[in-house]
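See below for the structure under consideration.
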Amino acid sequence: MSKNNKIQYFGCGVLMFISLIIVLLSFSNKMKLTEGMGQKNPNPETIKNNTNNVEDTLLVNKYRKLYEDTIIDLEENISISLLSEVIKNAEAISKNPSDSQEAIVKINNLKALKDSLNDAMATLDKK
């Protein structure tokens, strides 16, 4: 083995060693950062203030009827869309549900949105 090859191998070894140290230090710092993130406790007062700020911007007392009508109209729209998607895709879904995942996801998303609208109305009713 020539002197030139020995120097190249030694250089590669040093570079690999330095790279390994850098990778290990990166993981170590990431672990410390991740551990520190879990130690901060939520502040209920801040959360309540954030909720109040959102509620204040909605002006529920002033716009309650508008919000109710919007939710009711949107719920009706979503219900009709849900019915349309079911009817439009029923044959394909019944033939092979595995190949109809996109249609099934659309239908399930519409159902989830309808449920969310019901939750929104229940929240509005509490205010």
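Given a cut-off of under 8 Å on Cα pairs at least six residues apart, what relative contact order in percent is computed for region 59-127? List each step's numbers first, then the result.
Numbers: 30 pairs, mean separation 32.9, N = 69.
Rounded, it is 48 percent for region 59-127.
Is region 40-104 best put as rounded, prolate or oblate by its Cα gyration tensor, with a ≥ b ≥ c the root eigenvalues, rounded for a/c under 1.5, and otherwise prolate when a/b is larger than b/c, oblate when not?
Values: a/c = 8.09, a/b = 1.85, b/c = 4.37.
Cα axes put region 40-104 in the oblate bin.
Only aspartates and glutamates eight or more places from Lys65 in sequence, or on another chain, were considered; those with a Cα closer than 19 Å are Glu55, Asp56, Asp73, Glu75, Glu76, Asp119, Asp125.
Could you calculate the FRET efficiency of Asn50 with Leu124 from 1/(1 + (r/R0)^6), where r is the beta carbon distance between them and R0 is 25 Å, rounded to 0.05? The partial results should precede the final answer.
Numbers: r = 19 Å, r/R0 = 0.75.
It comes out at approximately 0.85.
Only the coordinates and a few stated rules stand behind these numbers; no lab work does. These numbers come from a predicted model, not from an experiment. With ideal geometry, Cβ positions are generated from the backbone for all residues, glycine too; neighbour counts draw on all protein chains shown.
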